[in-house]
Structures are given as structure tokens and as C-alpha cells.
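Reading through the C-alpha cells given below for one structure.
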Amino acid sequence: MELTYEVEGGNFSKAGHASSSIKKVLKQLNVDPKVVKRVVVALYEAEVNVVAHAYNGIITARVEQGSVSIEVRDQGPGIPDIPLAMQAGYSTASAKVREMGFGAGMGLPNMKKNVDVLNISSQVGVGTRVELITYF
Amino acid sequence: MLNESFYHALNVNTDQCTGCTHCMMKCPTSAIRIRDGKATIRQDWCVDCGECMRACPVDAIYVAQDDFARIFDFKVRVALLPAVFFGQFADTVSDERIHAAVQEIGFTHVCQVEQTADVITRRMVQAQGEMPDKPLISPFCPAIVRLIQVRFPALVDHIIPIKPPIDATSILYKQMLIGQGIDESDIGLFYVTPCAAKIAAVKSPVGEKQSVINGVINMDFLYNKVQQLLIQQPDVGQGMALEIPPIPHKGALWSLTNGEADRMQGRCLAIDEIHNVIELLDQLETTDQITDVDFLELRGCDEGCAGGVLMSRNRFLIVERLRKKTLSMKDGSLTDNPAYGAALDYLDEHLTLDEIHPRSIQAFGADVGQALKKMQQARNLMCYLPGIDCGACGAPNCQSLAEDITRREANLSHCIFLQRTMEKHRKLSSDHAIRIIEKTWGKDRLDKDCRKKGAKYEGK
């Protein structure tokens with residue numbers, strides 16, 4: 001089953017819409033609550049990243065028996081140095097964004113911690129594609 | 001996942017029910033359907049919050065209570081009265097007179113439910129230091145505990161496993177009476193409840209094997225009896241030197257909004273009204289907005305227990321009166337009362353709740369593979385349903401109808417809009433369409449009836 005959501009860059013009040021909706025689906029499927037929590041934490045981080053850094057994005061979740069794979073693809077500035085971005089605490093967020101409680105530099109590390117597979121590819125000036133796979 | 005059957009206090013009086021959808025539309029767990037013109041409640045989804053009863057325009061939903069005469073089966077008859085009961089009476093009616101009236105009606109003892117609040121608070125604060133999953137959630141409101149079990153099963157570990165005042169106080173009081181040499185079989189503890197959820201909690205407790213409470217009396221029933229007595233016998237309790245044991249001031253306010261949150265440590269939020277609670281729990285599960293909160297006081301009713309479905313007076317006035325009354329009462333703690341003595345130690349050992357288990361709503365069944373198929377089927381069905389959420393199919397919204405269809409509990413032709421389309425394409429005769437509607441809404445439901453609510457001869 002495939003679920004698709006659009007994400008609007010800069011709209012923090014809507015951040016979490018896709019995560020919330022996918023959470024609902026996984027709960028209805030009786031996926032183990034601990035797994036649901038991990039998926040949702042990771043996806044929420046990814047969603048907020050798009051809102052904080054990109055112009056817009058598309059989230060596509062594929063739910064199958066035994067796994068959920070989510071692709072987050074955005075049009076945005078891209079990540080110049082992925083290994084650096086993966087370091088805990090490293091952040092490019094502006095002061096304005098930090099003031100809103102975002103941008104602690106834990107986004108990608110948190111995602112990695114919570115999913116079974118994390119793939120990132122990015123092109124500076126074009127956008128980023130993040131793939132999150134969780135097995136259950 | 002436990003497969004227990006739960007007692008529910010909310011019932012539909014099918015003679016009264018007109019099948020109007022008000023309750024169905026308000027139910028926070030989508031547990032109500034209309035069949036044969038009457039509301040039916042899905043027992044395993046109901047959390048006894050009482051929203052349906054509040055929404056019913058014809059009082060067709062009622063709370064089953066124990067027969068009042070049952071109190072006379074016992075020699076010692078204890079009325080366990082929550083503080084909100086007293087907040088319903090005018091300022092001029094003293095607590096002494098209320099106590100006297102309750103005794104005049106037949107009880108031998110009046111016991112204030114919130115007197116154990118301090119003991120409980122101490123243990124809950126202690127738990128705050130011991131439980132890793134933040135925010136911790138109050139175990140006080142049984143509708144919320146059940147809501148978490150069925151809709152937020154991942155959060156059951158956040159509920160503090162300490163018994164709420166009603167359970168703690170009944171254990172303490174019973175133990176005290178036994179200590180006075182009274183035979184256990186002579187003691188009848190009757191809880192006067194402001195809501196349906198508390199009755200269900202007594203009849204089938206969560207995290208406790210069996211309640212020590214012998215019966216439950218609806219608060220509106222006792223309020224009416226006391227009020228009548230106070231009017232008919234104005235001198236009741238007058239000049240009586242009734243000794244009301246001191247109650248901790250803050251404890252008396254425990255069941256009101258902020259009654260617990262004010263006393264816990266760290267960042268505490270108090271949220272009342274079940275839809276507000278659902279919104280918060282949804283956010284708690286998804287976003288990181290709620291992560292630095294230490295304690296959540298969650299109540300199913302607006303203004304806490306003052307807004308319970310069995311309360312007879314305006315909830316805002318009850319809150320105001322109770323706050324004022326409390327200030328004029330003698331402040332004291334349980335340990336000041338020598339009568340309790342050893343019973344307090346007993347309570348201390350019996351204050352912990354057993355594990356609370358999740359029992360999630362399984363709209364598509366327990367098996368993930370099957371559920372996935374059914375969910376896809378429901379998504380397909382949603383392509384055809386109009387998304388108007390009118391309730392005319394007997395389900396609260398199109399999504400619920402789609403889910404019902406996947407469980408073979410309904411058909412697409414239950415949708416009145418799809419019926420028109422089917423008729424247009426000659427797939428359904430108009431006679432058949434009427435028969436379907438009558439199945440949902442009852443026979444003759446569409447006939448002219450001038451006595452219905454709002455019609456020309458209403459009530460005649």
C-alpha cells in the first residue's frame with residue numbers, strides 16, 4: 001500500500017502531518033507500538049528537515065507485510081557533506097529556526113538510530129533524497 | 001493483548017432512542033452505530049467517557065446503577081462522597097447539613113473520597129523519580145485510562161501505577177472499620193459517582209483484581225434525594241454537632257482541573273475534555289513538542305469531575321463553590337486522625353496498581369497481513385463514498401462505513417448517495433432502497449410524525 005504526502009518548506013505548523021497520518025495507518029495495522037514509535041520519530045525528523053531547509057518535498061510511504069519503507073524527496077539546497085551532517089550536534093539551522101525549537105543537529109543521527117536502513121543521497125542546489133526502511 | 005470482557009455503565013434505552021445520530025457523531029472512539037433505528041454501542045471500543053449521554057437530546061442513554069435498597073443489606077452503610085458532590089449545593093447549605101441528610105436517607109457513615117490525596121500525591125511524586133518514560137500520565141480518570149488502552153496502547157507504560165483516591169480511600173476506610181471490630185461482611189461501601197467511567201472502573205477494574213466497593217450510586221440520584229430532604233425537612237442536621245474529620249485542603253480540589261498537576265513536580269500540564277486529551281496524546285505520539293513535559297493530568301470531562309455526566313449543577317459554579325468552601329474548612333492531614341492508625345500502614349502496602357495492559361481497537365483484525373488487505377479495501381471503498389460524513393448510513397462517517405464494510409458489517413448500498421447513483425444506473429429499485437434505509441433507521445421512520453422533538457405536537 002502506498003501513501004503520499006506533500007510537505008511545504010517553511011510551514012512549521014504543518015510539520016508532522018505526514019508522520020501523524022502514517023502513525024495512524026501503522027496503528028490500525030496492529031504493528032508493534034515500539035516499531036510504530038521508531039518509524040514515526042524518524043519520519044518526523046525527516047519531515048521537519050524538509051520544512052526547515054527545503055522549498056518543498058514529497059513523502060512516499062510503502063507499507064507492506066513486514067516492512068515500511070519511506071522515501072522523503074525534496075527540492076532544496078541539498079547537503080554538501082553528508083558524513084558531517086550525520087554527526088550528532090552538527091547543524092546549519094539559522095538562529096530563527098533554533099528559536100522555534102528546531103535545528104539541534106540531531107535530525108539525521110536520530111533517524112539513523114530509529115530505522116533499520118537509512119540511505120541518503122543529495123545534490124547541492126537540487127535536493128535531497130532520504131530513504132528510511134523499518135522491518136517488523 | 002488481553003481479551004477481557006469489560007463492564008460498561010452506559011446503556012441505550014431503546015424505547016426512548018429516536019435514532020438521531022447525535023451520540024454517534026460525538027463518540028471519540030467511533031463506537032456507535034445506528035441499527036434498526038436505535039443507537040448501538042460497540043462494547044470493546046467504548047471507554048465509558050459519557051459523551052454520548054451528554055449529546056443525547058432525548059435522555060435515551062443512561063447509566064445503570066445499583067439498586068439503592070441494596071445499602072440496607074449491610075449493617076454499616078458507608079457513602080463514599082467525592083468533594084464535587086458538596087459543590088452542587090448553595091453556599092447557605094453547610095457540609096454538616098449535607099452529611100446529616102445523607103445519613104437520614106439511610107447511610108450510617110459519610111466518607112470523603114479525597115482524604116487520601118496527600119498519601120497518593122507523595123507516592124506519585126516518588127514514582128516520578130523512578131519511572132523512565134516521560135511524561136508520566138495520571139491514573140485518575142478511568143475514561144482516560146481506557147482511552148489510552150484502546151487508542152494509545154504505546155502509552156500505557158506512562159500511566160503511574162498508583163491507585164486513585166476512590167480506591168485508596170475505600171481500602172483505608174474499610175480497614176479502619178475492621179480495626180474497630182466490625183465484621184467485614186457487615187460493611188457496605190457505596191460509591192456516589194459523578195460519571196459512568198467510574199462505575200465501569202469499580203465493576204471491572206483496570207490494574208486491580210477486585211474493587212472493595214460493594215455498590216455504586218449515581219450522583220444525580222443522591223443529589224435529588226438530599227435536595228428534596230433539605231427542602232422538606234429544613235431542620236435536618238440543624239444544631240447537630242456533627243464532627244467532620246479534617247480533609248487536606250488541596251486534596252478536596254484533586255478532582256478538579258489542575259487538582260493533581262499543581263502538586264506534581266517539573267513541567268506539568270492539566271488537560272480536560274476528552275477531545276482535547278485525544279489531540280494532545282496524538283501529538284505526544286508523533287511530534288517532539290511534548291517531550292520536555294514531566295506530568296500529564298488528563299481528564300475526560302471539561303472542568304474535571306465537576307463536569308461529570310451525573311452532575312446536576314453548572315460545572316463552573318461547582319468549581320467556584322468548592323474552591324471557596326474548601327478554604328473555610330479545617331485543613332488537616334490523614335495522619336492527624338488517630339482513628340486511621342494502623343489502617344494507614346495497610347493502605348501504604350496496597351496502593352500500587354497491577355500492570356495496565358493495552359487492548360487496542362482492531363478495526364481490521366489482529367493479523368498484520370489481513371489488516372493490510374482490509375485497509376487497502378477500505379481505501380478503495382473511499383474512492384466511491386462521497387466523503388460527506390452525514391451519518392445517514394448509520395455509521396459516523398464515510399471512513400467508518402468503509403471499515404465496517406471490510407468487516408462485513410455493512411454494505412456500500414447503506415450510503416444514501418450511492419443508493420441514488422445505483423438507482424440512476426438501475427442497479428437498485430427504489431423499493432429496495434427504502435428497505436435498506438428502514439433497516440438502518442427502523443420501519444416507518446420516514447413517515448410523518450408530528451410528535452417528534454421540534455415538531456408541531458412535540459410531547460403530546
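As for segment A:37-45, it holds at least one residue that is open to solvent by 30 Å² or more (accessible area, probe 1.4 Å), within 13 Å of another protein chain (Cβ to nearest Cβ), more than 11 Å from the chain's Cα centre (by Cα) and under 30 Å from B:Q399 (Cβ atoms). Among the conditions (1) modelled with pLDDT under 95; (2) among the small types (G, A, S); (3) closer than 18 Å to B:R151 by Cα; (4) open to solvent by less than 30 Å² (accessible area, probe 1.4 Å), B:G300 misses just one, which is (1).
Among residues of segment B:370-383 that are facing chain A (nearest Cβ under 9 Å), those with a beta-carbon under 6 Å from a residue that is open to solvent by 60 Å² or more (accessible area, probe 1.4 Å) at least six positions away or on a different chain give the pairs B:L372/A:Q65. In this structure, A:V72 qualifies as part of a strand (DSSP E or B) and more than 14 Å from every other protein chain (Cβ to nearest Cβ).
On the basis of being open to solvent by 10 Å² or more (accessible area, probe 1.4 Å), more than 14 Å from chain A (Cβ to nearest Cβ) and either of a type in the set (A, V, I, L, M) or touching a Gly at 6+ places or on another chain (Cβ under 9 Å) (or both), does B:L412 make the cut? Yes. Applying the condition of being part of a helix (DSSP H, G or I) and over 19 Å from A:V7 (Cα atoms) to segment A:106-118 and asking which residue is most open to solvent (accessible area, probe 1.4 Å) yields A:K113. On the basis of being farther than 30 Å from B:A306 by Cβ, over 31 Å from the mean Cα position of the chain (by Cα) and either in the same structural domain as B:L147 (by TED's automatic domain parsing) or open to solvent by 70 Å² or more (accessible area, probe 1.4 Å) (or both), does B:Y346 make the cut? Taking the combined requirement at face value, the residue does not satisfy it.
Only one of the listed residues (A:I58, A:I133) is assigned to a strand (DSSP E or B) and under 30 Å from B:I361 (Cβ atoms). That residue is A:I133.
From the list B:G369, B:G387, B:G304, B:G394, exactly one residue is over 25 Å from the mean Cα position of the chain (by Cα) and at positive phi. Which is it?
From the options B:G369, B:G387, B:G304, B:G394, the qualifying one is B:G387.
Going through (1) of a type in the set (D, E); (2) closer than 15 Å to B:P139 by Cα; (3) open to solvent by 50 Å² or more (accessible area, probe 1.4 Å) one by one, B:D272 falls short only on (3). What do you reckon, is B:I356 assigned to a loop (DSSP other than H, G, I, E, B), within 12 Å of another protein chain (Cβ to nearest Cβ), open to solvent by less than 70 Å² (accessible area, probe 1.4 Å) and β-branched (V, I, T)? Spelling it out, it is not the case that B:I356 is assigned to a loop (DSSP other than H, G, I, E, B), within 12 Å of another protein chain (Cβ to nearest Cβ), open to solvent by less than 70 Å² (accessible area, probe 1.4 Å) and β-branched (V, I, T). Do we have B:D389 as modelled with pLDDT under 90 and over 30 Å from A:Y135 (Cα atoms) here? So B:D389 does not fit the description; no.
Looking at B:L351, B:L281, B:L334, just one residue is surrounded by 20 or more Cβ atoms within 10 Å (Cβ to Cβ) and closer than 16 Å to B:H158 by Cα, and that residue is B:L281.
Yes/no matrix, rows are residues, columns are (1) assigned to a loop (DSSP other than H, G, I, E, B); (2) of a type in the set (A, V, I, L, M, F, W, C); (3) more than 14 Å from chain B (Cβ to nearest Cβ):
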residue: A:E6; (1), (2), (3): no, no, yes
residue: A:K24; (1), (2), (3): no, no, no
residue: A:P83; (1), (2), (3): no, no, yes
residue: A:A104; (1), (2), (3): yes, yes, no
residue: A:I120; (1), (2), (3): no, yes, yes
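Comparison of A:S19, A:S67 shows that the only residue that is within 12 Å of chain B (Cβ to nearest Cβ), hydroxyl-bearing (S, T, Y) and farther than 24 Å from B:T291 by Cα is A:S67.
Against the list (1) surrounded by fewer than 19 Cβ atoms within 10 Å (Cβ to Cβ); (2) within 25 Å of B:D331 (Cα to Cα), the condition B:D292 fails is (2).
Within segment B:47-57, the set of residues being in contact with a strand residue (DSSP E or B) (Cβ under 9 Å, 6 or more places away or on another chain), surrounded by fewer than 22 Cβ atoms within 10 Å (Cβ to Cβ) and not in a helix (DSSP H, G or I) comprises B:C56 only.
Only residues that are open to solvent by less than 30 Å² (accessible area, probe 1.4 Å), touching a residue at least 40 places away in the same chain (Cβ under 8 Å) and assigned to a helix (DSSP H, G or I) were counted across segment A:8-22, and they come to 2. Of all the criteria given as (1) free of Cβ contacts under 8 Å to residues at least 24 places away in the same chain; (2) at the interface with chain B (Cβ under 9 Å from one of its Cβ atoms); (3) in a loop (DSSP other than H, G, I, E, B), the one not satisfied by A:Y90 is (2).
Within segment B:359-405, if we keep just the residues that are more than 21 Å from B:I434 (Cα to Cα) and acidic (D, E), the residue that is most open to solvent (accessible area, probe 1.4 Å) turns out to be B:D367.
Being part of a loop (DSSP other than H, G, I, E, B), touching a residue at least 60 places away in the same chain (Cβ under 8 Å) and within 25 Å of B:Q128 (Cα to Cα) is a property that B:I278 lacks.
The values are calculated or read from the model by the stated rules, or taken from the named source; none is laboratory data. Everything quoted here is computed from the prediction, not taken from an experiment. Every residue, glycine among them, receives a Cβ derived from its backbone with ideal geometry; neighbour counts consider all protein chains shown. What goes into the accessible areas is simple: the full protein's heavy atoms, side chains included, and nothing from ligands, DNA or RNA. Shrake-Rupley method; radii C 1.70, N 1.55, O 1.52, S 1.80 Å.
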